[in-house]
Structures are given as C-alpha cells and as structure tokens.
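Enquirer: I'd like to ask some things about the structure below.
The values are calculated or read from the model by the stated rules, or taken from the named source; none is laboratory data. In this text, all values refer to a predicted model and were calculated from it rather than measured experimentally. Neighbour counts run over all protein chains shown; Cβ positions are idealised from the backbone, glycine included.
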C-alpha cells in the first residue's frame, strides 16, 4: 500500500515539475498564438484582410490582458473567440450565403439561440463536447500561468490595436459583395463592427422624430406641421348655430341646389309657374 502511494506521488510530482517548467509554459503560449495565426492565414485573403485580422487578434489579447493579466489565459480566450467567429460565420454562410457581421451580435438573444438549437438539434452535443474540453483546459492554464502583465501596458496595446482597426476600416470601406464571398470572416466582422459602432456613436439607436409624428399618432403635435386635408370641409354643428343663422344656411343651400339644377333664365320662369299653380 505504501509502495503504491509512493509511486503515485512520484507520478504526480513528475507531472507537476514538467508542467511548472518555464520553457513548457512559454511553449504553450506560443502554440496558442501559432494556432491563431494559422486560422487567420487559412481564412483571410489579401494583405488588407490579413492585417485587419491580426489587429483584431491583438486587440482581443490586450482586452483580456486588461481583465486577467495572464498571457496564456488571454491567448486561450482570444483563440476561442476567433475560432467561434469563424465557425459561426461559415455556418451562416452555408445557410444564407452571407458571412457573419457585427449586427448579428446585436440582434441575437436567448430566444434566437433557443430557436437555432431547435432547428439544428445536432448543435447541442457539439456545444456540450466543446465545453467539456475547453473548461478544464482553461482552468489548467489559469493555474499554471506564471506571467503577469501590467494593466497600463495592456490598455496602451488595446488602444493602439483599436485605432489601427478603425483607421483601416475607414480607409477601405466594405463593398456590397464582400459579405457574400464566403472568406475573410474575421476582417469582415471587425470592419462591420467599426462601422456599426461609429453609426451608433454618431446617430444613436433612435431615429429623428418626424414633424408629422404627432398628427399620425394622435398626439399633441404642432398643428401647423399637419398637412391640410383639402377634400373635407369643416361645417359648424347644428346646435352651435342660432336659429336665424340656421335658416339662412338652409336658404343658401336650397338656392345653391336650384342654381346647380337649372340654366340661366329658367329659375324666374319656374317661380312664375309655381305661383300660378298656387293661385
């Protein structure tokens, strides 16, 4: 019993020593960055798209470094985000023939995810398997990462990366056909994100109010802004008019009917005939 415990203790100690070696930890961080670089090279085409994707990768790394200060953990989370972005973009392209954009993130909610899992039930075991594999690896990286980076340095790197992304996205606007090409998943997402954020900062989420909004909604809009209805006539109500005025209005309406139904010179003759009949 003691011999077995001693052997198991030696194995655990050997694994801990190997995992705690600085060279192995640096190699693990380098392997994560190499995997991200390979994903960028396989999905991005052209110097502009590759540069924008690398700036996106750098921004994600510096962002997680600001929060966690651990290079291995930041690189692993950035790799998860990059791979998830590529997988979701290809998934959307296979269905709608259009790559992922930043607006898709803004409209996605719990009901959208539930509807997606209902339509594609095969996604449930795939997501469960990915979580089972990824969570223990992230915990292991968290415990074995000895390096720390200052938040000031991470903030400066994130600001420089974001400025580069915004500058490139502004210099080369996205063409209408690019989302339908099926490539450059990371750069297209980053460029659409820069455009969407700039629009939200400039105009906000609410549209400007129309001057006719109060008239359409029945609100207290300005009456001068309402379009006049020329086809309708506003007539006074009968109970608001005195009897003399009412009789005058009735007489004018009868005279108007007579003028419309008779030609010139016929009205006096018809009046004479009516007077003769009355006699």
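Enquirer: With (1) at pLDDT 80 or above; (2) in a loop (DSSP other than H, G, I, E, B); (3) buried (at least 16 other Cβ atoms within 10 Å of the Cβ) as the list, and residue 176 as the residue in question, which single condition is left unmet?
Expert: For residue 176, the failing item is (3).
Enquirer: For region 80-128, which residues satisfy the criterion of being assigned to a loop (DSSP other than H, G, I, E, B) and exposed (fewer than 14 other Cβ atoms within 10 Å of the Cβ)?
Expert: Within region 80-128, 97, 108, 109, 120, 121, 122 qualify.
Every residue, every condition in (1) without any contact (Cβ under 8 Å) to a residue 24 or more places away in the chain; (2) under 29 Å from the mean Cα position of the chain (by Cα); (3) under 17 Å from residue 72 (Cα atoms), yes or no:
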{"position": "110", "(1), (2), (3)": "yes, yes, no"}
{"position": "113", "(1), (2), (3)": "yes, yes, no"}
{"position": "116", "(1), (2), (3)": "yes, yes, no"}
{"position": "120", "(1), (2), (3)": "yes, yes, no"}
{"position": "126", "(1), (2), (3)": "yes, yes, no"}
{"position": "132", "(1), (2), (3)": "yes, no, no"}
{"position": "136", "(1), (2), (3)": "yes, no, yes"}
{"position": "142", "(1), (2), (3)": "no, no, yes"}
{"position": "146", "(1), (2), (3)": "no, no, yes"}
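Enquirer: Being assigned to a helix (DSSP H, G or I) and in contact with a helix residue (DSSP H, G or I) (Cβ under 6 Å, 6 or more places away or on another chain) is the requirement here; does residue 62 meet it?
Expert: yes
Enquirer: Give the residue that is modelled with the lowest pLDDT, with candidates limited to residues of region 151-173 that are farther than 27 Å from residue 70 by Cβ and surrounded by fewer than 17 Cβ atoms within 10 Å (Cβ to Cβ).
Expert: The selected residue is 173.
Enquirer: Shifting gears a bit: Looking for something in a helix (DSSP H, G or I), farther than 20 Å from residue 51 by Cβ and either in contact with a strand residue (DSSP E or B) (Cβ under 7 Å, 6 or more places away or on another chain) or modelled with pLDDT of 75 or more (or both) - is there at least one such residue anywhere in region 180-188?
Expert: Scanning region 180-188, I find at least one residue that is in a helix (DSSP H, G or I), farther than 20 Å from residue 51 by Cβ and either in contact with a strand residue (DSSP E or B) (Cβ under 7 Å, 6 or more places away or on another chain) or modelled with pLDDT of 75 or more (or both), so the answer is yes.
Enquirer: What tally of residues in region 129-150 results from selecting those that are surrounded by fewer than 13 Cβ atoms within 10 Å (Cβ to Cβ) and part of a helix (DSSP H, G or I)?
Expert: Going through region 129-150 one residue at a time, the tally reaches 9.
Enquirer: Also, I was wondering about something else. Among the listed residues 49, 20, identify the single one that is surrounded by 11 or more Cβ atoms within 10 Å (Cβ to Cβ) and either on the phi > 0 side of the Ramachandran plot or at pLDDT below 80 (or both).
Expert: Just one listed residue meets the conditions, 20.
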